[in-house]
1. Using amide H atoms built in the peptide plane, which far-off residues or other-chain residues are under 5 Å from Arg95 H to H?
2. Could you tell me how many cubic angstrom of Cα convex hull volume the range 140-197 has per residue?
3. Given a Förster radius of 30 Å and the C-beta distance between Ala191 and Ser211 as r, what FRET efficiency does 1/(1 + (r/R0)^6) yield to the nearest 0.05?
4. Quick one: order Ile196, Ile102 by neighbouring beta-carbon count within 10 Å, fewest to most.
Amino acid sequence: MPRHLARGGRVPAHIGEALLPPAVGNPEGSLRDPLTTDPKGEVRRAAGYPQIYAADNTPALVKNTDAYGCRALTPWYVTGLAEGEGCFCVAFAVRPRLRARIEVRPSFSLSLNEKDVGLLHGVQAFFGCGWIRESKGDRTFKFEARSLTDLTGTVVPHFERFPLAGAKARSFSGFAEVCRMIEQGNHRTSAGLREIVGLAYGMNLGKRRRSKHDLLRVLDEVKG
């Protein structure tokens, strides 16, 4: 079983950045991570991977089996799985070349032990998007969706229709708002980024690499 699913070696760009050539190793979370956000969606996805992205693979049309021939997951089961093992994340990176100097990277992921990797394939088939890869940091396999089009068009609508009931409901609320603000272009302005930072740091995701104060200080230095 491959460690991750890629798309013809093409590396999707982060929001606001140009494409970068692949690097040896492609460490997770680096600039050359092959699973970075493609804000325009993933072109040729259905044509390139018909065995994964079947036309009827949507949360509203769950069949008896998924694209891998396994029993298809139901919407409420996916929500329950996300309640326990999912993560709604909004990460930030300082990019001096960007006009606003801060890049926003939303993602939804779900991690399971290797013995349950079949469930991750079921989640991937259910949403019709994302990748599955091995996460060496915590020795799990992870389903992850980072494309803004997939997040706003599939992931967010699912959890609004089949809502979370526990602690992750608060994280999802902020996550959904951030995704839609990015979709509207608010991440390109200092004022919009300040609001996005506030929402993200209210999602209770634990310790972050950069503090909220550090990010706001970067925005204070932006001219115009």
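1. Ile102, Glu103
2. 110
3. Using R0 = 30 Å, I get an efficiency of 0.90.
4. Fewest-to-most ranking of Ile196, Ile102: Ile102, Ile196.
Only the coordinates and a few stated rules stand behind these numbers; no lab work does. Nothing here was measured: the structure is a model prediction, and the numbers come from that model. Heads up, the Cβs are rebuilt from the backbone with ideal geometry, glycines too, and the neighbour counts pull from every protein chain shown.
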